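As structure tokens, the structure follows; a few thoughts come after it.
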Amino acid sequence: MSAKRSKAPTSDEGEPPSRAGQDVEVIEIAGFRIGRGEQVDGALAVTQSYSGADVSIPLRVIRGKEPGPVVLITAAIHGDELNGTGIIRELLIDCPFELRAGTLILVPVMNILGYERNARYMPDRRDLNRSFPGAAEGSLTSRVAYRLFEELVRKADFLVDFHTAAAGRTNFPNVRADLSIPGAARIARAFGCPLVVDHKGAKGSVRLAAGEAGCAAMILEAGEVWKVEPTVVEVGLRGIRNVLIELDMVDGKRVRPAYQARVDRSTWLRSNSGGLLRFHVAPGDVVTEGQPVAACTSLLGEQRGLIIAPMDGVVIGLTTLPSVKPGDPVCHLAVPHRGIEPILKALGRASEESLHERLHRDLATNVAVEELDEDW
């Protein structure tokens, strides 16, 4: 692995040793050694090309002067999910905080082979985020997962992994973590998203595998594929800073969201008809039971059917493709643990220029949201 070094910001305060024992003067990350107060840019070889040349992912490691936990920040484990890459790029170019303690590992692209092809999956058509912890002698994807897991995830105490919705959908920012793991619950709540979804993670996901290996993990789901969306970047930067403040790695006071609610369950609302959608809700909207979510028409404008919210909830996902077939997912509805009343009260106090409201407006531009016609 190649690397270049520079000094990181210093401070006078410290933190008790972390699970990974990062109270030592020099630690090894991805094949290179780094001392306290140092910053290293490098490249970790994860596989080889047809020509036999190394295929590597770039990363930066920053260590504070004082002992503390190791926090791994990753993005683009699906190669087309670029919002997280944009968030980490902003940290690399103009970091808004000084690391006082602990170690920060920044990886803007995990699935470099998918990223190079603007593709979600690996070249062997496997999902990297269903392949962890991987196998040293498995498939291409399994080997890459093994390399990433052994060289990065196993060295970390905490993992923050950035995701977006799949192609043709958008997500209102929400964090997901196994809240039965104290460390995961701690950083998920500290991150500062309105919705915290309690979920263990899919089999083979880096989040689930990390938790089983003792690394407390959470993910952010926000925005669309193939984009770097400015307000989503704001959410990510604020969230990372909040997490590092919570872990006593940087100084400052956490910025809280307009509201925060735990989500224990969610459901996809699906179209019962084929046709063209007219949307009546936007990402981030609070909806009530019986409220129209979308209407389906034929190409000649004939009424085909309504999609109705079966319960109170918050729209955390929405298709951006207006053409549907029967059974296609249209709206992902999260059900807050304590209902929607506390959320509605909190939003009534939110400023029009708050990050929450700006996100709501920005993500709503991905679909044409309109009121339901009176004759439906």
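The values are calculated or read from the model by the stated rules, or taken from the named source; none is laboratory data. Keep in mind the model is a prediction, meaning the values are calculated, not measured. Methodologically, a virtual Cβ is constructed for each residue, glycine included, from the backbone with ideal geometry; neighbour enumeration extends over all protein chains shown.
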Looking only at the range 263-299, how many residues end up being among the aromatic types (F, W, Y) and without any contact (Cβ under 8 Å) to a residue 40 or more places away in the chain? 0
Residue in the range 150-158 that is surrounded by fewer than 19 Cβ atoms within 10 Å (Cβ to Cβ) and free of Cβ contacts under 8 Å to residues at least 60 places away in the same chain present: yes
Of all the residues that make up the range 222-256, how many are in a loop (DSSP other than H, G, I, E, B) and on the phi > 0 side of the Ramachandran plot? 3
Among the listed residues A368, A334, identify the single one that is surrounded by fewer than 20 Cβ atoms within 10 Å (Cβ to Cβ), of a type outside the set (D, E, K, R) and either farther than 16 Å from T231 by Cα or over 23 Å from the mean Cα position of the chain (by Cα) (or both). A368
Taking the range 209-260, which residues are under 29 Å from T365 (Cβ atoms), in the same structural domain as L152 (by TED's automatic domain parsing) and among the small types (G, A, S)? A222, G223, G236, G239
Are any residues in the range 206-228 surrounded by 19 or more Cβ atoms within 10 Å (Cβ to Cβ) and more than 13 Å from the chain's Cα centre (by Cα), and if so, which ones? L208, A209, A210, G211, C215, A216
Matching residues in the range 260-273 - criterion: being crowded, with 20+ Cβ neighbours inside 10 Å and within 19 Å of the chain's Cα centre (by Cα): A261, V263
